[in-house]
Amino acid sequence: MDEEQTKMLKRAFSMFDSGKKGSIEKEKVKTILNTLGHTFDDQELESLLQKEDEEGSGVVSFDAFCRVACHFQEEDDEALQKELKEAFRLYDKEGNGYIPTSSLREILAALDDQITPDQMDGMIAEIDTDGSGTVDFDEFMEMMTGD
């Protein structure tokens, strides 16, 4: 796995590790994989997570998450970009090429119900670098993939 992919996984992991404990609930792995456009078999995912969580704690570390995600890593960047374009298009109803940061808040809140308004403000400030109150597709891609 290259540095970019690691960064992308770290960013996704951090979004769900709202308590900054260094671990996330196993159920959230499925959500992250879906968000990143990975295709996977539920039973295969469950057995991988089972192996990573030998103590039965219900949580996985970042390293364990990486091992599981790498197993399903989609080599096809074009497919990932297409998935993200589709997700973006759902929120860019008028086809303006950007979404308001309020829509981004909805996306982030849907991804992680533990996220605080302060954490969200920080993430949005990081993404909306020009302070326009909107996020264009490039900014959205950067947030989701680290490219």
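Rule-based calculations on the coordinates, nothing more; no lab input. Quantities reported herein were computed from a predicted structural model and do not represent experimental measurements. Here the Cβ positions follow ideal geometry from the backbone for every residue, glycine too, while neighbour counts run over all protein chains shown.
What nm distance separates the two modelled labels at Ala110 and Ser132, each placed 7 Å from Cα along Cα→Cβ?
The two pseudo-label positions are separated by 2.2 nm.
Once R0 is set to 30 Å, what does the formula 1/(1 + (r/R0)^6) return for the Cβ-Cβ distance between Glu55 and Ala87, expressed as a FRET efficiency to the nearest 0.05?
With a Förster radius of 30 Å, E is 0.30.
Given the convex hull over the Cα atoms of the chain, what projected area results after averaging over all orientations, in nm²?
8.7
Loop only by DSSP, 14 or fewer other Cβ within 10 Å of the Cβ. Give me the GluC sites (Glu not before Pro) in region 28-132 that pass, ordered by residue number.
Passing both the DSSP loop test and the Cβ count: Glu54, Glu55, Glu75, Glu94.
What lysines does Lys20 reach when the alpha-carbon gap must be under 16 Å and sequence neighbours fewer than 8 apart in one chain are set aside?
Lys10, Lys28
Let me see the pair-distance distribution of region 3-78: every alpha carbon pair, 10 Å bin width, integer percents in order.
19, 58, 22, 1
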